[in-house]
Structures are given as C-alpha cells and as structure tokens.
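> The structure that follows is given in the form of structure tokens.
The values are calculated or read from the model by the stated rules, or taken from the named source; none is laboratory data. Predicted, not measured: the structure shown is a model, and the values here were computed from it. Using ideal geometry, Cβ is built from the backbone for each residue, glycine included, and neighbour counts are taken over all protein chains shown.
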Amino acid sequence: MESYSAVLQRLRTAFLSGVTVPEQFRRTQLNQLLRLLQENEEKIVEALHKDLAKPKFEAVVADLALVINELGYALSNLWSWLQPEHVRRNLATKVDDCFVRREPFGVVLIIGPWNYPIQLLLLPLVAAIAAGNCVVIKPSEVSPAVEAVIAELIPKYMSPDCFTVVCGGAEETKALLNNKFDHIFYTGSQAVARIVLQAAAPHLTPVTLELGGKSPCYIHDQVNILVAARRVAWAKFFNMGQSCVAPDYVLCTVAMRDALVPAIKQVLEEFYSSEPQKSPDLARIVSPKHWTRLMGLLGQSKGRVVLGGESDEADKYISPTVLVDVSEDDALMKEEIFGPLLPIITVGSVEEAIDFINRQEKPLALYAFSNDYNVINTVLERTSSGGFCSNDGIIYMTLPGLPFGGVGSSGFGNYHGRWGFETFSHKRAVMLRGWALERLNGLRYPPYTDSNLSWLRWTAAPKLCSIM
C-alpha cells in the first residue's frame, strides 16, 4: 500500500508539471466527474440507502442533483472565472498592466462528512478541480457504503496522477493530516475542526471549515400556519434531521406554538402517514452511536414531548419528535441536535427572539417566517449567521450564485459556484511594467527631496483614481 507521503509526492509531481493548469484539462475532469454521477446513479443511490436508508428522492435531490447542477454551473462559467481581473491604476502606474490572476494552490485535501456523503464531498471537489488543483479526497468512514463507492469510482473516471481517495477512520485521518497540504477543506463537527486547525498550524496551511451549529427558526404570529408548518417540518426531518442547515429549534409566541403544533402534526401525517416508521420516505439515524446520543439528549431534556417520541434501536429509528416547554439551558439547547428532535421555545416578541438568538453562538443558518417584511428585515439586520432565508428552510443552499459557509463557530470560508473557485484559488497580484516614464519613476530615487515627495503624493492621490 502506498504511504501517504508517497501519495502526496505523486500528486505534487503532477501539479508541478503544470498538467492541471490548462482550461481544457479542468473541463475534461469536470466532465468525467459528471459522467461518474450519471453512469452510476443507481449504485450511488443504493449506497446512500444502505448507509442512511435515504429515500431515492432525497438521495437524488440532495446528493446527486446538487452536484450535477454545480458541475454544469462550473462548466458554463469556467472561462470567465479564469480571466485576469484588471484593476484601476493611478498616474504612476498608468501605462502598466495591473491585474489579479487566479492560480491553483497545489495539492489540497478535502475531508467529507457522512450526512450528505456525496454532496458535501464532491461539491468542494468541483471547485478544487475548476481552480486547477490536485486533490486528496477523504470520505467519511461513518458512511462505509458510500466510502467504498467513492474509492472504487474516482480512480476509474478521474486522472489518477491528480486525484486520489484515502479511506479510513480517525487514526488514518490524523496520520494524513501530519502531511503538508496547500489547502485543507473540512466539513464536519467543531471538535474535529479544532484538530484539523492544530494539524494545519505547523505548516501554515490555509483551512476552510464548514461546520454546523444550532440554526434558529423564528416564526412570527402573522404567517400562514399550515404552509409554515409544512416547510419547517420538511426542512427539519429531511434526511432524518441530519442536516447542518436544518432548523435546530423554533422560537415563537405561546399563541403561535399552540397553533403550530397541531399544524405540524397534520403535516407529519401527510408526509409519513400515521405510522412513520413504515414510511419509505423517512431515512434513519446513521449509526447506533448517533442513535444513542440523540436518545440521551431526549432523555435528559425537561421539555414535554407533544408529537412523536417513539424509537427503535435495532432499526436506528427515532420518530419525528416535537417538544414544548423547553428552556434555554435544556439539554437539547447545549449542542447541535442533528436528528429528528424539534424543541419549541416560547418568546414574547420578535425583539425577545432576536435577543435569544444573539445570546447563542453564531449559527450556520437562520430562518424567519412572517407575512410582514418589516419583521423579516428586522431579524436580518439585527442578527448574524452564515446564511439567512425567510419563509422557508435549507432551500437557499441550492443556489450556486449564493456563497455557502458559516461565521464564527459555524465555520469560515465559502463555496458553491464562483465562491468555491475563489476558495481554492490564490489571488496573485500582477503588475507588468515596461521601461516608460522613467522620469516619473525617478521621483522615488535618492537623494530624497521635499519636492519629489510632493510630486509622488500627487501621482498616487486617491482623487486621481476617479478620473483616470
């Protein structure tokens, strides 16, 4: 078996040869990745079902279609992304060619999570390829069926000299991180993110962290209750709640809570029938360990279960569950839930909801539901989050024109569309100078004089930029 250092040397040799730089190479690899997804859809869907019991609909929509759309977007825009970005010049540089050139970092590492093991591994891969990098791809061992499919298919479709898959658990990942990369892109938990940062520090390796957090959902009294319930329930229980951008908890008044609970009950029966465990449209918890953690949170909570609460350890099943009378210091509020448990916390007003949100760590996503634009705008203006969406949940992340990423403890750095291309690109400042205007350049040479200093200040003055 090839050692990690040998793997990196092989990829670095390929990168230094310049093979990844031409636009045509990048296009070829992006098209190969597209072929991989299109020709192996059934195999990938089966693997997702084996790992997470994902319904085909959710597997195709959230894992396959999003990546295919991203590939199409990258292929359509790649030429324009690669063009130099010319900048404004002052008098001293008027005859020079001054621009920003996007260049690949080199050999980058992408570490993917288990909840959307295709989407969240391959979306950053699309960006890394478009930017011209060689890539070490590390799928999550928690979703072993998908891990095996990725390890099988990537070498068949992608250039083996430039792209490789490394499998394994925590020890293998730790050993891999001991090596020097030119960029690390990690999606997962805050605890592991700290390990990644510590490993990157000795090499001064730049890192992008896509983490989670407790994404709040404020529901104002002026709202279509049934539509709001439908959208919140879909966003929360999609993939059994195992989504980093799922609504983690709801904030609303007592009156809205009392109207919302029966509406969610109606919606859940519409979605999954009166026997949700038998529904083919409801995924499962990924592993016994994660099931145990969620049941532990539910057991420690002092909230009152008003919907759901049923579970089956052998089936890794927890029914879509709603709790009320949940306090700010409840067990369910101490960490990201990442499962089908939805606490409802009552507040007296939008101002109280905003104060509550601002007392917590900055979330990856924030949702606000209201018929009143002023309410939506107030929540938007007075809070901070990685992303914001009004009157819906999670859907905002499907648009490649919007940056996706966190802020504060929910991560840093963005991707999707051009944002991902920029993340995996070095912005190189370039000034191409000729031999003209040496008389003007001579103002900077010793012996220094007050007169020359005055002229230099005038040539570089900001006011000149507006008329040049």
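> Is it true that Glu70 is surrounded by 21 or more Cβ atoms within 10 Å (Cβ to Cβ), charged (D, E, K, R) and over 22 Å from Lys316 (Cβ atoms)?
On the way: surrounded by 21 or more Cβ atoms within 10 Å (Cβ to Cβ): yes; charged (D, E, K, R): yes; over 22 Å from Lys316 (Cβ atoms): yes.
The answer is yes for Glu70.
> Answer with yes or no whether Val232 is within 25 Å of Ala368 (Cα to Cα) and either surrounded by fewer than 16 Cβ atoms within 10 Å (Cβ to Cβ) or touching a His at 6+ places or on another chain (Cβ under 7 Å) (or both).
Values: within 25 Å of Ala368 (Cα to Cα): yes; either surrounded by fewer than 16 Cβ atoms within 10 Å (Cβ to Cβ) or touching a His at 6+ places or on another chain (Cβ under 7 Å) (or both): no.
When the stated conditions are applied, Val232 does not pass them.
> Let me ask something else about it. Of these, Pro262, Pro288, which one is outside the structural domain of Leu52 (by TED's automatic domain parsing) and under 29 Å from the mean Cα position of the chain (by Cα)?
Working: Pro262 fails: under 29 Å from the mean Cα position of the chain (by Cα).
Testing whether each residue is outside the structural domain of Leu52 (by TED's automatic domain parsing) and under 29 Å from the mean Cα position of the chain (by Cα) leaves just Pro288.
> Still on this structure, I have one more. Among (1) touching a Ser or Thr at 6+ places or on another chain (Cβ under 7 Å); (2) closer than 21 Å to Gly348 by Cα, which single condition is Gly308 missing?
Among (1) touching a Ser or Thr at 6+ places or on another chain (Cβ under 7 Å); (2) closer than 21 Å to Gly348 by Cα, Gly308 violates only (2).
> Would you check which residues across segment 298-321 are farther than 20 Å from Ala229 by Cβ, of a type in the set (S, T, N, Q) and part of a strand (DSSP E or B) and list them?
Answer for segment 298-321, where residues must be farther than 20 Å from Ala229 by Cβ, of a type in the set (S, T, N, Q) and part of a strand (DSSP E or B): just Ser311.
> State which residue is surrounded by the fewest Cβ atoms within 10 Å (Cβ to Cβ) when the search covers only segment 80-103 and only residues that are at pLDDT 95 or above and of a type in the set (S, T, N, Q).
Ser80
> Something else: For a quick check of your reading of the model, give me the residue pairs whose first member lies in segment 417-434 and is in contact (Cβ under 8 Å) with a residue 24 or more places away in the chain and closer than 17 Å to Val87 by Cα, whose second is acidic (Asp, Glu) and surrounded by 17 or more Cβ atoms within 10 Å (Cβ to Cβ), with beta-carbon atoms closer than 9 Å and at least 6 apart or on different chains.
From residues that are in contact (Cβ under 8 Å) with a residue 24 or more places away in the chain and closer than 17 Å to Val87 by Cα, the pairs are His426/Asp182.
Matching residues to (1) more than 30 Å from Trp79 (Cβ to Cβ); (2) more than 16 Å from the chain's Cα centre (by Cα):
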{"site": "Gly112", "(1), (2)": "no, no"}
{"site": "Asn115", "(1), (2)": "yes, no"}
{"site": "Gly132", "(1), (2)": "no, yes"}
{"site": "Ser140", "(1), (2)": "yes, no"}
{"site": "Glu171", "(1), (2)": "yes, yes"}
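> Of the residues Glu141, Glu171, only one is more than 30 Å from Leu82 (Cβ to Cβ), among the acidic types (Asp, Glu) and touching a Cys at 6+ places or on another chain (Cβ under 9 Å); which?
Working: Glu171 fails: touching a Cys at 6+ places or on another chain (Cβ under 9 Å).
Step by step, each of Glu141, Glu171 is checked, and only Glu141 is more than 30 Å from Leu82 (Cβ to Cβ), among the acidic types (Asp, Glu) and touching a Cys at 6+ places or on another chain (Cβ under 9 Å).
> I'm trying to understand the selection: among the residues of segment 381-440, which are farther than 22 Å from Trp79 by Cα, part of a loop (DSSP other than H, G, I, E, B) and of a type in the set (Gly, Ala, Ser)?
Of everything in segment 381-440, those that are farther than 22 Å from Trp79 by Cα, part of a loop (DSSP other than H, G, I, E, B) and of a type in the set (Gly, Ala, Ser) turn out to be Ser384, Ser385, Gly386, Gly393, Gly405, Gly406, Gly413, Gly434, Ala436.
> Right, another one. Right, Glu352: among the acidic types (Asp, Glu) and touching a Lys or Arg at 6+ places or on another chain (Cβ under 9 Å) or not?
On the way: among the acidic types (Asp, Glu): yes; touching a Lys or Arg at 6+ places or on another chain (Cβ under 9 Å): no.
So Glu352 does not fit the description; no.
> Could you tell me which residue of segment 30-67 is farthest from the chain's Cα centre (by Cα), considering only residues that are over 16 Å from Pro139 (Cβ atoms), buried (at least 16 other Cβ atoms within 10 Å of the Cβ) and small (Gly, Ala, Ser)?
Among them, the one singled out is Ala53.
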